[in-house]
Amino acid sequence: MRKVLFLLVFGGLALCLAGCRRTPDEQRIRAAIEVARTAAAEVDAGGLTGVLTEDFDGNGGAMATKDLGNLLRLARFRGETVHAVLGPIEVEPRGERYIARFTVTLGG
């Protein structure tokens, strides 16, 4: 009986530890990009800018986080529908950070 109880407790602890595994950084970055795409499609400026970093660089440097947020605020003010199509995502480590390159095509 003690052996069965020990195995149950040990097995439960093993399952708990396996569940505590951290999600890989690249997977978390891809998930954040999907959150941003969804926020753009829902015309949610706060949701979009909330996942972007301060050094976000869109349109080859022509659009910062603030600019993209303002674009969505304007679209919401006008009552526009936004379609967001996500292209391929490239994620690469650069020192202690990761850089993600991707395209999102916004249409109305």
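Here the stretch 55-75 is the region considered, the condition is being charged (D, E, K, R) and closer than 22 Å to P88 by Cα, and the residue that is surrounded by the most Cβ atoms within 10 Å (Cβ to Cβ) is D57. Looking across the stretch 68-105, the residues that are within 17 Å of the chain's Cα centre (by Cα) and of a type in the set (A, V, I, L, M, F, W, C) come down to L68, A84, V85, L86, I89, V91, I99, A100, F102, V104. Residues in the stretch 76-98 that are open to solvent by 50 Å² or more (accessible area, probe 1.4 Å), out of contact with any Lys or Arg (no Cβ under 6 Å at 6 or more places or on another chain) and either charged (D, E, K, R) or under 24 Å from D25 (Cα atoms) (or both): R76, R78, E80, V85, P88, E92, P93, R94, G95, E96, R97, Y98.
Identify, from the list V43, V4, the residue that is over 15 Å from T103 (Cα atoms) and modelled with pLDDT under 90. Unique residue meeting the criteria: V4. Considering the stretch 49-108 alone, what residues qualify as being of a type in the set (G, A, S) and part of a helix (DSSP H, G or I)? The answer is G50, G60, G61, G69, A75.
The values are calculated or read from the model by the stated rules, or taken from the named source; none is laboratory data. Bear in mind that the values here come from a model prediction, so they are computed numbers and not experimental data. When we count neighbours, we look across all protein chains shown, and the Cβ atoms used for this are built from the backbone with ideal geometry, even at glycine. These area figures cover heavy atoms from the full protein model, side chains too; ligands, DNA and RNA do not enter into them. Shrake-Rupley method; radii C 1.70, N 1.55, O 1.52, S 1.80 Å.
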